[in-house]
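The structure under discussion appears below in the form of C-alpha cells.
Each value in this text was obtained by applying a stated rule to the coordinates, not by laboratory testing. Because the structure is a prediction, the values reported are computed rather than measured. Positions of Cβ are backbone-derived with ideal geometry, glycine not excepted, and every protein chain shown enters the neighbour counts.
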Amino acid sequence: MVAILGEPFNDDWRFLRDDVPGAERPGFDDTAWEKVTLPHTPRIETLVCGSESPQWQGACWYRKSFYVPPEVSNRVAILRFEGAMNEARIWINGREAGRFMGGYLPCVLDVTRLLQPGRTNLVAVRLDNRDNPLTGPKPLRDLDFNLYGGLYRPAALIYKDPLHITDPILADRPAGGGVFVTYPWVTETGAVVRVQTHVVNAGDRDRAFRLRATLRDAGGWWIARAERPARLPAGQDLTVVQELTVTRPRLWSPADPYLYRLQTELVEDDRVVDAHEERIGIRHIRITAEGFWLNGRKMFLRGVNRHQEYPWIGNAVPDAAQWRDARKIKEAGFDYVRLSHYPQSPAFLEACDELGLLVMNCLMGWQYFNPDPRFAEQKLREVRQLIRRDRNHPCVVLWEVSLNESHQPREFIERAQAIAHEEYPGDQMYTAGWQRGYDVFLQARQHGGCKGITHLPCVVSEYGDWEYYAQNAGLQQHLWKDLKPEERNSRQRRGDGETRMLQQALNFQEAHNDNLQTTAFADGLWVMFDYNRGYAPDIEASGCMDIFRLPKFAWWFYRTQRDPEELVLGRPAGPLVFIASYHRPGSPRRVRIYSNCEEVELFRNGVSFGRRGPDRDRTSTHLRHPPFTFELPDFIPGTLRAVGYRAGEPVAVHEVRTPGTSAQLALWFDLAGVPFGVHGKDAVFVHAELRDEHGTLVPANGQPVAFGVRGPVRLVGEPDLPTEAGVASRLLLTEKPQPEAVVFALTAVESDAGVQVLTAVGTPTGTRLPRTVVRYTLDGSPVTPMSPRYRRPLPVERAGQLRLGLFVGRECVAEYPPRAGEASR
C-alpha cells in the first residue's frame, strides 16, 4: 500500500458562523450546526457585496468527526488545508495542532501523534477573517477587493509510510522538501529533467530502499527512468538528485502545452512504500531588457489580471469552476495571466499548465506595509511557501514577491529577492515588483507603464481601467467628445448598452496599442472578470467579461488579436469576424467589426457596403489585428452580415439580426467543456435568455425571471434579479457527482396579443426533462394545482395582479413574479 487517503476530507463538516467557547472539545454538541462540504464560504453574499452590503467578517468554526482505521497506527498522518481564511487555529481531539495566518497558502500539519487509530477522531478549526494588521492588506472598508472567508479550498488527510517523500511546506527546507523539478538543459533536440527528492525516515529502524524516478508521456508511455539505492537511518532525512535525459522533447508552450507525467517512488523489497506523481512541462525561459524568450522564441505576452471570486460564494470556487475560468481566459485571446493580488487556487494553476497560460504568481498585498517587524516576517515566510507550493508548475514564469502598490523598505525588497533566488536556484527564477530591486520592473499604465524604461525588463502590470476612470494620465481624453464622464471610462456593464461597451473596448484598444510601443514584454488588462470591492458600493465593471463570465464587446477585440494559424489547445485559432452591434434603432451608425482577417465586407439585407481593410488610426498602429469600421447612412431593420476574407477568399461570417419582441426563453449552462459535478462539488452559471421568434437575443434590461430546480442541487442568486442585456443569471451548486438535476425558468412579457408566458427547462447532466404546465391567477391569489392552465396570452390590463406557477404534476417548481429575498434557495 503506497499512501492511504483517509475518508474524503471535504465532506461531512459541521459549521457555525459564530464564535463559541469550547468548540474544540470532542464532547461539544454540534448537532445543530450546519452540515457543509468544502470548499465552503461562511455566508452566501449578495450579488453586490461592497461598502453598502459588506461581506461577512468575524470568527467561525468548523468541526469534522472521522474514523481512523487501526491499520494506519504505524503511519505518518498529514493534514492539509489549501485555504483557511485568514487566521486559523486547528485542534485534533481537543489538543491544539497548529496556528496559521495569511489565508491564501496551505496549512500543513503532521498530526500523527494526535490521532487515535481505531476510534472516531475530531478535527476542529476556528477561523477569523477580520482585518489583521500582521497579514494585511488594508482594512476591508478601504480595500479594492474582498477576502471572504471559510475553508474555501479543498482539504486532505493523507497517511504515509514512515519512510516517505516529504511535503515541501511541512519540511521547511530552502530549495528543498518534497519533489523539486528543474531543467538545467533544454533544447529542441534534447533536455535534462533534474528531479530532487527529499525523503525522511520517521520510523524507529533503518531502511534500505531504491528511489525510482520515471518519466512518461501524456499517453503513459515510458520515456526515461533513473534509479538509485539508498539507506536511511531512523529519524534521518536524505535529499537525492536524479537526472533524466529526454531526446527530442516536446517543449511546453502556450501553443502546445504538453505535459509529461513524472512519478517518483520509494521501493523497498520490490514493494512501493510511497510515491509522488505530477504533470510537468519541459521549457526554458529567458528575460532581459530586450524582451522575453520561451524555448528560444521571443514572445510578447498579451495578458490579463484575474480576481478569483465568484458572485455569491466569494472565493469558495470549486476546482472545476477554476478550470472553466482558465479556459475562458485562454479563449479570450490571452496567453498570460497575473494572479492579482494573492496566491490563487492550485486547481487554477493546474488548468494554466494544461491550457498553456503563462502566469505571474503573486504574493498577497495591496497598498499596505506595516512597520511592525512581525508583518515583514509573515510576508517573507509567505514568499517561501508560495515558491515551494508552485515551483513545479511550467505555467509560472514570473514571481511577484512584492506587495502591490505598497512602499516597501529597501531591506524588505532585498530579503524578498534573496529568498526567492534561494528557494529557486539557477537561471529560471525571475522576480517582479513595482519598486527597483527585483528582476523585472512592474508598473501600471496610469503611473507610466514601461515608457522610458530601457535598462531593465518591464511589464505593464495593469492597464485600461484607472487611467480612464480617473482621467489623470493625459492620454488624450479630450478626443472622446460628447460623452459624459461615466461613458468615457472603462467600467461598463453589459446592460449599459452598445455605446458604452464600445467605449470600453476602444479604451482597452488604445491602451494596449500604446503598451506595444514601449519596451514592455507583457501587459495585463485590468481586468478579466467584474468583481466586488470592500470600499465601493458597486461592482467594479472594467472586466472584458462580467461577474457571470459573460462577454462584453471588448472580449472579441482580444480574441481577434490571435492570428488564424496560431495554435490554441492544439488547434488553429481560425479566422474570426464579429459585429459589435445589436442592430436596433438606437445602435451607433458607425459599426465596428472585430476580425483577424485581411479584409471584411459588410452587408445589410443583402446590400454590400464594400470590402475594406482594417482601421489605420492612432489607436491601431501597433495592433496585430485592428478592427474594421463601417458607416451606415441610416437605420434599416433586418440583418447585418460581415464576411471576412483572406487571400481574397471568404473564410468567416457573422450575422446580427434586429431583435424583435421576446417570444422565447432559452436556458443554457456555461460548462466550458467541464461536465457538471464530474469531480463532486461544483458551481456552474445557468443563464436564461430572452429571444425573439427567430432565436435572436433580445438585449432587454429589467425583465424578471423566476427560476426553480429539482434534484440534489442548490440555486444561488437573488430571486428577483432580472435580466441584464437580455440574460438572467444564477449559480447552480452541487455537492454530488453528476447529479440528476433539472432547472426551470419562467417569465411573462407583454406583447400586442397580451401577456405572453415564456418557459424553459434544461439540465446540465443529461437528466430526462419532465413535462411542465403553467397555471395562473389574475386576482393576485396564490397559484395552486387547481388554478387555470395557461393556453393563450392573458389580458394586459390584469398584468399587475397576474400570478404564475410552473408545475411538474402537482409540484410547483417556479413562481412568477419572483419574490425578493436572500440570494439562495
Discussion item. Once you place label points 7 Å from the Cα toward the Cβ at L238 and D427, how far apart are they in nm?
Written reply: 3.3 nm
Item to complete: For A652, list long-range residues whose amide hydrogen, built 1.01 Å from N in the peptide plane, is under 5 Å from its own amide hydrogen.
Response: G644
Fill in: Where labels lie 7 Å past Cα in the beta-carbon direction, separation of V20 and I636 in nm
7.3 nm
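Tell me, rounded to the nearest percent, the portion of alpha carbon pairs in the range 259-368 spaced more than 23 Å apart. Kindly include the intermediate steps, with their values, before the conclusion.
Details: 2602 of 5995 pairs.
Here the long-distance tail beyond 23 Å is 43 percent of all Cα pairs in the range 259-368.
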Worksheet entry | Cα coordinate range in the range 183-236, projected on the principal axes (Å, largest first) | 47, 24, 15
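Of all the Cα-Cα pairs you can form in the chain, what percent are over 49 Å apart?
22 percent
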Item to complete: Provide the per-residue ³J(HN,Hα) series for the range 502-514, in order, calculated from phi with Karplus coefficients 6.51, -1.76, 1.60 and θ = phi - 60°, each as a whole number of Hz, with x at glycine and proline positions.
Response: 5, 5, 4, 4, 5, 4, 4, 4, 4, 5, 5, 4, 5
Worksheet item: Which length gain, in nm to one decimal place, applies between R194 and R646 when the Cα-Cα distance is subtracted from 0.36 nm times their residue separation?
Response: 158.1 nm
Response to the item:
Its Cα gyration tensor gives the range 189-338 an equivalent ellipsoid whose semi-axes in whole Å, largest first, are 36, 23, 15
Item to complete: Would you work out which of C49, I78, A32 lies farthest towards the positive end of the dipole of the range 4-89, given +1 charges on the beta-carbon of Lys and Arg and -1 on that of Asp and Glu, about the Cα centre?
Response: I78
Response to the item:
Counting sequence-distant residues (5 or more places) and residues on other chains, those with an amide H built under 5 Å from that of K552 are M545, D546
Practice prompt. Express the relative contact order of the chain as a whole percentage, based on alpha carbon pairs under 8 Å and six or more residues apart in sequence.
Written response: 9 percent
Item to complete: Sort 781-787, 172-178, 285-291 for me by packing, meaning the mean count of neighbouring Cβ atoms within 10 Å per residue, highest on top.
Response: 172-178, 285-291, 781-787
Worksheet, complete the sentence: One finds the C-alpha centres of the range 569-627 and the range 145-170 to be spaced, in Å, by 49 Å
Item to complete: Work from the charge dipole of the range 197-285 (Cβ charges, +1 for Lys and Arg, -1 for Asp and Glu, about the Cα centre) and give the residue of P233, S253, A275 farthest towards its positive end.
Response: S253
Practice prompt. For the range 201-271, would you read off the P(r) tail past 21 Å as a percentage of all alpha carbon pairs?
Written response: 40 percent
Worksheet item: Quick one: what do you get for the range 681-825 if you divide its Cα Rg by 2.2 N^0.38 Å?
Response: 1.03
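Return the inverse of the average 1/r over all pairs of distinct C-alpha atoms in the range 292-447, which is the Kirkwood hydrodynamic radius, in Å to one decimal.
16.2 Å
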Fill in: Principal axis dimensions, the range 284-349 - Cα atoms, whole angstrom, descending
44, 23, 17
Discussion item. Need one number for the range 73-190: average projected area of the convex hull over its C-alpha atoms, nm².
Written reply: 11.3 nm²
Discussion item. What FRET efficiency comes out for H407 versus T288 if R0 is 30 angstrom and r is the Cβ-Cβ distance? Round to the nearest 0.05.
Written reply: 0.65
Discussion item. Just to verify a number: FRET efficiency for A32 and T784, C-beta to C-beta distance, R0 = 25 Å, to 0.05?
Written reply: 0.15
Fill in: the range 340-423 - Rg over Rh from alpha carbon coordinates, Kirkwood radius
0.99
Discussion item. Net charge around G695, counting only other residues with Cβ within less than 12 Å of its Cβ (Lys, Arg = +1; Asp, Glu = -1)?
Written reply: -2
Worksheet entry | Computed E for R791/V678 - FRET, C-beta separation, R0 41 angstrom, nearest 0.05 | 0.50
Discussion item. Considering only C-alpha atoms, what is the centroid distance from the range 782-815 to the range 388-421, in Å?
Written reply: 60 Å
Item to complete: At 0.36 nm per residue, minus the direct Cα-Cα distance, what do H447 and D752 gain on full extension? Give it in nm, one decimal, please.
Response: 104.3 nm
Worksheet item: How long is the range 386-531 along each principal axis, judged by its Cα atoms, biggest number first, in Å?
Response: 55, 30, 26
Item to complete: Name the residue farthest towards the positive end of the dipole of the chain from the options W13, Q703, A432, assuming +1 on Cβ of Lys and Arg, -1 on Cβ of Asp and Glu, about the Cα centre.
Response: Q703
Worksheet, complete the sentence: Shape call for the range 661-753, from the Cα gyration tensor axes a ≥ b ≥ c (a/c under 1.5 means rounded, otherwise prolate when a/b beats b/c, else oblate), comes out prolate
Worksheet item: With charges set only on the Cβ (+1 for Lys and Arg, -1 for Asp and Glu), what does the dipole of the chain come to about its Cα centre, in debye to the nearest 20?
Response: 880 debye
Response to the item:
Residue separation between R210 and R714 times 0.36 nm, minus their alpha-carbon distance, gives in nm 176.5 nm
Discussion item. Which of the three applies to the range 476-591, rounded, prolate or oblate, going by the alpha-carbon gyration tensor with a ≥ b ≥ c and a/c under 1.5 meaning rounded?
Written reply: rounded
Fill in: Reciprocal of mean inverse Cα separation for the range 422-472 (Kirkwood radius, Å)
12.2 Å
Fill in: Hz values of 3J(HN,Hα) by residue in the range 389-404 - Karplus curve (6.51, -1.76, 1.60), Gly and Pro given as x
5, 10, 5, 8, 7, x, 5, 7, 10, 9, 10, 7, 8, 10, 8, 4
Practice prompt. Pop out the ³J(HN,Hα) list for the range 809-817 in order, Karplus 6.51 cos²θ - 1.76 cosθ + 1.60 with θ = phi - 60°, rounded to Hz; leave Gly and Pro as x.
Written response: x, 9, 8, 8, 9, 7, 10, 10, x
Response to the item:
Which residues qualify? For N489, with a placed amide H closer than 5 Å and at least 5 residues away or on another chain, they are none
